[in-house]
Amino acid sequence: MTNNERLRLAAVRELLTSHEVDALLVSGPENRRYLSGFTADDPAWGVLLVTMQAAFLLTDFRYQAWAQQEVRDFQVCTYKVDLGETLGGHLKELQVRRLGFEAVHLTYWQYRRLTKSVAEAGLEVAWQPVEGLVEGLRQIKTGAELAIMRRALTLTETVMRQVAEALAPGLTERQVAWEIEKRLREEGAQGLAFPPIVAAGPNSARPHHHPGDYVLKTGEPIIIDMGAKIDGYCADMTRTFILGPADDHFRKIYSLVRRAQARAEAGLKAGMDSLAGDALAREVIAAGGYGEAFGHSLGHGVGLAVHEAPNLSPSEARRSELPAGCVVTVEPGIYLAGWGGVRLEDMVRLTPEGAEVLNQPGYFYEWA
C-alpha cells in the first residue's frame with residue numbers, strides 16, 4: 001500500500017463515525033482499488049471490510065495470488081465456498097453491529113444473499129446503506145493521479161488526430177470505432193475508458209449513439225467521443241468533424257457550442273455551485289435559440305471511473321459545491337433530430353482561481 005492509500009484508509013475510518021456505522025463493506029471496484037490498490041476491475045472479484053482497527057480484502061482462490069501481490073495493509077482472506085459465510089465470521093469476530101454498505105454498488109441479489117448468510121451465522125447486524133462515501137474522497141485528485149490522467153488524455157488526443165485525418169466518405173461508423181480502439185491499444189492504452197462513440201449524420205443527434213453501419217458522407221456532422229485508460233485512470237474527449245465544406249448551418253451550431261464551452265471554461269472554479277457551473281454554458285446556448293436542444297449535463301467528474309462525482313448538472317438533486325482538485329469534463333452540445341448534432345468536450349481541473357484546461361490548446365477548426 002502506498003502512502004496515498006494509507007491516507008485514504010484513514011480518511012474512510014474518520015467517516016465511519018459520522019455515518020454511525022461500525023464497519024464499511026466496499027464492493028465498488030473503483031472504490032476497492034482506490035483504498036487497497038487491488039487492480040481487479042470486476043465487482044465480483046472481492047470486497048473490502050473496513051473497521052476502525054481492521055481492514056480485510058475478501059476474495060476467492062482465483063484472485064488470491066493477484067491480491068497478495070498488490071495489497072499490503074489489507075489482510076487478504078480467501079473464501080472457499082461462500083462470501084457471506086466468511087463475511088459473517090469476520091463480523092462476529094469484530095463485533096460489528098452496524099454495517100455500512102455501498103447502496104449504489106451492491107445489487108439486491110447480493111444484498112439478499114449476504115444478509116441471509118450473516119443472519120444464519122447468528123448475528124444481529126443492522127445493514128446501513130451509504131452513498132458517495134468513498135466517491136467523495138475520490139473527487140480530489142493527487143498530483144500522481146493527475147499525472148496519469150494527463151498521460152491518458154495525451155494518448156487520447158494523439159489517436160483522435162490520427163483518426164480524424166483518416167476520416168473519409170464511405171467508411172462506416174463501426175469501422176471508425178474499431179480504428180479508434182485498435183490505435184488506442186497499439187499506442188499504449190491499458191484499455192478503453194468506454195466504448196467509443198462515432199455518430200455520423202442524423203445519428204449525431206443521439207448523444208450516446210452506438211456505432212453501426214451508417215456510412216460517413218460529405219457535408220454531415222460526425223461526433224467522435226473517446227477516451228484511453230492508463231493505470232486505471234480514464235480520459236474523456238469529444239470533437240465534431242465534417243467532411244468537405246461546412247455550410248452556414250453547421251458553422252452556426254458549431255460556433256455556438258464552442259462559445260458555450262469557452263465561457264464555461266473561463267468561468268468555472270472550485271467552490272462554485274454546480275448548478276451555476278452548468279448554467280455558464282447553458283445560458284449561451286439558450287440565448288442562441290437552442291436551449292431545448294441541449295438536454296444533458298454540462299459535464300461530470302473523471303478519474304478511476306469515466307463518470308464520477310462531481311456533476312455539472314442542472315438537476316437540483318445532483319447539486320453540490322465543486323471541490324478544489326477535482327477533474328471534470330466540459331461538454332456542451334446541440335442535437336437536432338433529422339440533421340445531427342455538435343458536441344465538444346474538454347477535461348479541466350478546478351482550483352479556487354479557475355479551471356485549468358488539460359487538453360492541448362488549438363484543437364478546434366475555422367468553423368468556430
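The values are calculated or read from the model by the stated rules, or taken from the named source; none is laboratory data. None of the values given here were measured: they were computed from a predicted structure. Counting neighbours? That spans all protein chains shown, and the Cβs are built from the backbone with ideal geometry, glycine included. Note: accessible area is taken over every heavy atom of the protein model, side chains too, but ligands, DNA and RNA are not part of it. Shrake-Rupley method; radii C 1.70, N 1.55, O 1.52, S 1.80 Å.
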Residue in region 26-43 that is in contact with a Leu (Cβ under 8 Å, 6 or more places away or on another chain) and farther than 19 Å from His105 by Cβ present: no
Residue match in region 72-93 (condition: in a loop (DSSP other than H, G, I, E, B), out of contact with any strand residue (DSSP E or B) (no Cβ under 7 Å at 6 or more places or on another chain), free of Cβ contacts under 8 Å to residues at least 24 places away in the same chain and under 26 Å from Gly122 (Cβ atoms)): yes
Condition met for Ser315 (free of Cβ contacts under 8 Å to residues at least 60 places away in the same chain, surrounded by fewer than 21 Cβ atoms within 10 Å (Cβ to Cβ) and in contact with a helix residue (DSSP H, G or I) (Cβ under 7 Å, 6 or more places away or on another chain)): no
Extreme residue, farthest from Gln139 (Cα to Cα), among residues of region 257-283 that are of a type in the set (A, V, I, L, M, F, W, C) and buried (at least 22 other Cβ atoms within 10 Å of the Cβ): Val257
All positions within region 32-44 that are hydrophobic (A, V, I, L, M, F, W, C) and either in contact with an Asp or Glu (Cβ under 8 Å, 6 or more places away or on another chain) or crowded, with 23+ Cβ neighbours inside 10 Å (or both): Leu35, Phe38
Selection within region 32-53 - small (Gly, Ala, Ser) and not in a loop (DSSP other than H, G, I, E, B): Ser36, Ala44
Meets criteria (closer than 26 Å to Gln190 by Cα, at pLDDT 95 or above and open to solvent by 10 Å² or more (accessible area, probe 1.4 Å)) for Glu308: yes
All positions within region 124-139 that are part of a helix (DSSP H, G or I), surrounded by fewer than 19 Cβ atoms within 10 Å (Cβ to Cβ) and of a type in the set (A, V, I, L, M, F, W, C): Leu137
Count of region 94-123 residues which are open to solvent by 70 Å² or more (accessible area, probe 1.4 Å), farther than 20 Å from Gln53 by Cα and touching a residue at least 24 places away in the same chain (Cβ under 8 Å): 4
Candidate set: region 190-231, residues that are among the β-branched types (Val, Ile, Thr) and open to solvent by less than 30 Å² (accessible area, probe 1.4 Å); chosen: the one nearest to Ile148 (Cα to Cα): Ile230
Selection within region 140-189 - assigned to a loop (DSSP other than H, G, I, E, B) and surrounded by 16 or more Cβ atoms within 10 Å (Cβ to Cβ): Lys141, Leu167, Leu171, Ala189
Selection from region 158-186 of residues that are within 12 Å of Ile224 (Cβ to Cβ) and touching a Phe, Trp or Tyr at 6+ places or on another chain (Cβ under 7 Å): Ala164, Leu167, Glu173
Residue check for Gly88: in contact with a Leu (Cβ under 8 Å, 6 or more places away or on another chain), farther than 30 Å from Cys326 by Cβ and either hydroxyl-bearing (Ser, Thr, Tyr) or open to solvent by less than 30 Å² (accessible area, probe 1.4 Å) (or both): yes
Restricting region 333-367 to residues that are assigned to a loop (DSSP other than H, G, I, E, B) and modelled with pLDDT of 95 or more, the residue that is most open to solvent (accessible area, probe 1.4 Å): Glu353
Tyr79 vs. criteria under 25 Å from the mean Cα position of the chain (by Cα) and aromatic (Phe, Trp, Tyr): no
Selection count, region 284-304, where residues are open to solvent by 20 Å² or more (accessible area, probe 1.4 Å) and in contact with a helix residue (DSSP H, G or I) (Cβ under 8 Å, 6 or more places away or on another chain): 5
Verdict on Val71 being of a type in the set (A, V, I, L, M), under 28 Å from Leu350 (Cα atoms) and touching a Phe, Trp or Tyr at 6+ places or on another chain (Cβ under 7 Å): no
